[in-house]
Amino acid sequence: VAGIVFTGGCQTKGPAQTPEELGKRVAQALIAGDKNSLGVLLPPYEAYLPMCSLNLGEGTHAKTDLQKFYSKRMGKLKEEIQAFPSEFARETSFKTSQIDAIDVYRQKVGSRTNWTDVDVIFRVKDAKFLLTLDECLRFNNAWYLVDLDWMGKQK
């Protein structure tokens, strides 16, 4: 379990070294609505290539098709990141500026070593809201964001 108190601003260093660091940095950037600082946390094309092939189905695919799929998916992820502060405010009675603390939990991964899910819990007063970083990807000893799943208020 990794916990942080939100103090504003995002780190701009290179890729995350652990899933927990990835969760913290993504949370801070989401709160700030700062999609630009997350660029280093999005998987490079080479890391995401197996996902491109998997999503396009079996068979041989042209490099341009793979690159288009990658660009489309990363564009969608950047849109989700940019929309987070207003989505949070719309789905809760709070604004992101009211978040008191963030807790980050790496989910049990079993035998998988290159993929994991990370739960990010935003605490506001006595309320907790869950965002799952789905299928975080390890590539070249760094961890990258692949997908966000907003789970909403938790009991």
Note: probe point = Cα of TRP150 + 7 Å toward Cβ; backbone nitrogen < 20 Å; residues of the stretch 65-81 passing the test are 73-81
From most to least accessible, 1.4 Å probe, no ligand or DNA/RNA atoms counted, LYS76, LYS68 line up as LYS68, LYS76
Once THR92 and LYS128 are pulled to full extension, the length gained, defined as 0.36 nm per residue separation minus their Cα-Cα distance, is 11.9 nm
With every protein chain in place, the accessible area of TRP115 for a 1.4 Å probe, in Å² rounded to the nearest 10, comes to 60
Quick shape check on the stretch 65-135: root eigenvalues a ≥ b ≥ c of the Cα gyration tensor, a/c under 1.5 is rounded, otherwise prolate if a/b tops b/c, else oblate, and it reads oblate
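I'd like the GluC sites (Glu not before Pro) in the stretch 57-155 restricted to DSSP loop residues with at most 16 other Cβ atoms within 10 Å, sorted by number.
Details: sites: GLU58, GLU79, GLU80, GLU87, GLU91, GLU135; in loops: GLU58.
Answer by residue number: GLU58.
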Order by accessible surface, 1.4 Å probe, largest leading, for residues MET151, MET74 comes to MET151, MET74
Subtracting the Cα-Cα distance of GLN67 and ALA101 from 0.36 nm times their residue separation yields 8.5 nm
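The values are calculated or read from the model by the stated rules, or taken from the named source; none is laboratory data. Just so you know, these numbers come straight off a predicted model, no measurement behind them. Cβ: placed from backbone, ideal geometry, glycine included. Neighbour counts: every protein chain shown. Surface accessibility is based on the protein's heavy atoms, side chains included, excluding ligands, DNA and RNA. Shrake-Rupley method; radii C 1.70, N 1.55, O 1.52, S 1.80 Å.
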